[in-house]
1. Once Lys and Arg get +1 and Asp and Glu get -1 on their Cβ, which of A:Tyr116, A:His73, A:Ser33 lies farthest toward the positive end of the dipole of region A:1-118?
2. Find the centroid of the Cα atoms in region A:456-485 and in region B:55-116, then give the distance between the two in whole Å.
3. I need the fraction of alpha carbon pairs in region B:61-182 separated by more than 18 Å, rounded to a whole percent.
4. Computed on alpha carbon atoms, what radius of gyration and Dmax characterise region A:326-462, expressed in Å?
5. Using a Förster radius of 35 Å, what is the FRET efficiency between A:Ser277 and A:His426 based on their Cβ-Cβ separation? Nearest 0.05, please.
6. Roughly what angle does helix A:180-192 make with the longest principal axis of chain A, taking Cα atoms, 0 to 90 degrees, to the nearest 10?
7. At 7 Å along the Cα-to-beta-carbon direction for both A:Asn417 and B:Glu205, put a label point, then send me their distance in nm to one decimal.
8. Find the accessible area per residue for the protein assembly as shown; the probe is 1.4 Å, ligands and nucleic acids are left out, and the unit is Å².
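The values are calculated or read from the model by the stated rules, or taken from the named source; none is laboratory data. All values reported here derive from a predicted model rather than from experimental measurement. A quick note on method: Cβ atoms are made from the backbone with ideal geometry, for glycine too, and the neighbour counts reach across all protein chains shown. For the accessible areas, the whole protein counts, side chains as well, though only heavy atoms, and no ligand, DNA or RNA atoms are used. Shrake-Rupley method; radii C 1.70, N 1.55, O 1.52, S 1.80 Å.
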Amino acid sequence: MPSEENLSADVVIVGSGVAGSSIANELARAGISVIVLEAGPRVDRQHFVENFRNLENKPSYQGPFPAVPWARHPPDQQTPNDYLHTTGPNAEAYQQVYLRMMGGTTWHWAGCAWRYLPSDFELKTRYGQGRDWALTYDDLEPFYYQAEVMMGVCGPDPAVEDLGSPRKQPYPMDALPISYAAQQFRKLIQEKTPWRVVHEPQARNTRPYDSRPTCEGHNNCMPICPIGAMYNGSYSVYHAEAAGAKFIPNAVVYKIERDSANKRVTAVQYFDPDKGSHRVTGKYFVIAAHCIETAKLLLLSADEQSPDGVANSSGHVGRNMMDHTGVQVTFISGDQALWPGRGPLETNVIDNFRDGNWRTDRGAYLVHMVDDNQVDLATQLAISKGYVGRELEEQIRYLASHTVRLFSHNEALPDPNNRLTLSKDHKDILGIPHPEVYYKLPEYTVRSCEHTRYVFRDLIKLMHGTDEQWTPGYFPQDHPAGSTIMGTDPKDSVVDGHCRTHDHDNLFIASSSVFSTVGTGNITLTVAALALRVADTLKKELAHA
Amino acid sequence: MRQTHKGQPVAEWCASPNAMRLNKLLRMSRRDVLLGGIGLSVASTTGAVLAADTAPATPNNEDLSGFMQVSQRLTDRDTLNPQIGAALYANIVHANADRKDKLNALHALLEREKFTTASAFAHAAEKSDPKLKDVIHEILTGWYRGIADGKVVVYRSALMFDITKDAVYPKTYATGGPFYWTSKPPEVARPKGHPALSASALVIEPT
């Protein structure tokens, strides 16, 4: 693309994931001109599917999505990592993975489409912990529904199974029938514990929807749904393009320009892969570049006017890093064969620990019984135990049909000391510093994880489990949040309740980076709902401009 | 995007690692590869591309026949796919310089003792030379997981899927029809067999 080309639009969006692409779609459909700048390349689904099939380490979610040199992303969750550098007492617990490509990280999510609970938005008021958001559940409810319709979310009838987030409309699609394994698990929990197993709301088709097919149960939601039955951001990209939005891949934004008063953003600048620089002007700007890359870009744009970075008069850009920290155990059930891995990956949840008065003391969490095909793991295990021939085949069948995996999402709290900064030691080929994150688990989260371990031990006992393998320590769930935190006070927050930056009138942020708390449900639906609310604000303001 | 990056053709830097390897492979004499490397043609029939930076050497018939006999005994199976066998053999030998000798040693032991079970064969092999355990693991990993030399040689045709096909599908290849997963899968009795080899540590790769 020639650098002299005049690139300008009413709204310029940085990032083409679920947040950026859904805003682009809404605006383009309203006749507003939109340019979306995506740092990574554009790749079609079939390439990722073939990459997966040829991948030796099948559980690697990043494996099928090789990064390009000008838009690196973390290669895996290993610490140390050659892109996302984590430090601090719990460095390994913040080794997040994400994707920099057209469509964003939802290429490899599991489609879990939770609404947050009303209490998640009022943690400080209700439980004296963390912060309150600068909006309420009721403010977001219509946009949650809009996001569910956009993605195509299936879920249970609230009259039958109330998930705790009040709904004005039913789910767009009926709940996904759960697998035989999940049915048995639900029965056990119902009969032997005070808890319950609910249908997980999922952005997955239980009937043909939005020109995409019904789920066929390939059991590969992560890393890649082979048939597009699960929503990902690329579908919003296609819709937005059809409505007239312009998407530019391999456009690495590195600078946010402001006017002389430092009140309004005037342009962004991006590098192409050969470091040619381009400038894009607009009336409004939305940074929708993932929690980590969004904060990185704001910090990277520091200059004389904003020595600590753009939108950072509070000093909170890059602080308050949160995640759903995970506890995970794999064991062999002593009961009947379950054969996990038939159907989608994540369909059922124990939701009893998502809220309660104990949140004054410890974080909430939810528990997944993962429905993951365990044949490959069973084979590795049986070979390592020394079996061969007929005995090996018997072992593989037994282990594959009896392996159970549980994991949790445990709530973090915003702590300003948990902080993202620009690496002083590592730069990419464009000269842009890598992100670095210091992380120490809040005690609130540690206590939550301890509680989870007690519950898991009970469950293992109930299933007459043996051969427990606990994933060591704490592990990241790839749900980073908080790096441009929302609040009413510009002194201690970066954006207001409409995701507008306190410092710059025409700069919005659409990302989990604005979350004030992280709750327990997967973050994507809330990211989409907030993004659609940003689109709504922009439509109104541009109509009156 | 049409431009090239650092002199690389667009197809290479925009593509996946596998496509990049394939591109390199196709730039070799395509005819030589297709005629000379049986293993390579196997890959295309199974949906897997043999990911070889340098194509492993073609085995001679005697070596391959020995490998197949050893493989049949270690899997307790009378028939195994010879094309997959050729690809596995080439990759196992490519991965380690001493594997040809170790495989010959296994074959010689099998010829000598005429074992009737995999367990008896594997047990005797480890007793005769503890290092043979690694080769046996590689052979089993090849046939059951479809992996050799750190590469996917076959995916859907790996034996681990053959022995579980009444219950589950290889990921991305489900054909059970709508909501097949709600039905009851087969029960599996607790196995009574014993390990033939000493146990090894299982190293799980990072996600």
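1. A:Tyr116
2. Comparing the Cα centres of region A:456-485 and region B:55-116, I get a distance of 42 Å.
3. Details: 3880 of 7381 pairs.
Summing the P(r) tail past 18 Å for region B:61-182 gives 53 percent.
4. That works out to 20.2, 57 Å for Rg and Dmax.
5. Working: r = 22 Å, r/R0 = 0.62.
That gives a FRET efficiency of 0.95.
6. Tilt of helix A:180-192: around 80 degrees.
7. About 3.8 nm separates the two model spin labels.
8. Values: 27540 Å² over 752 residues.
Accessible area per residue: 37 Å².
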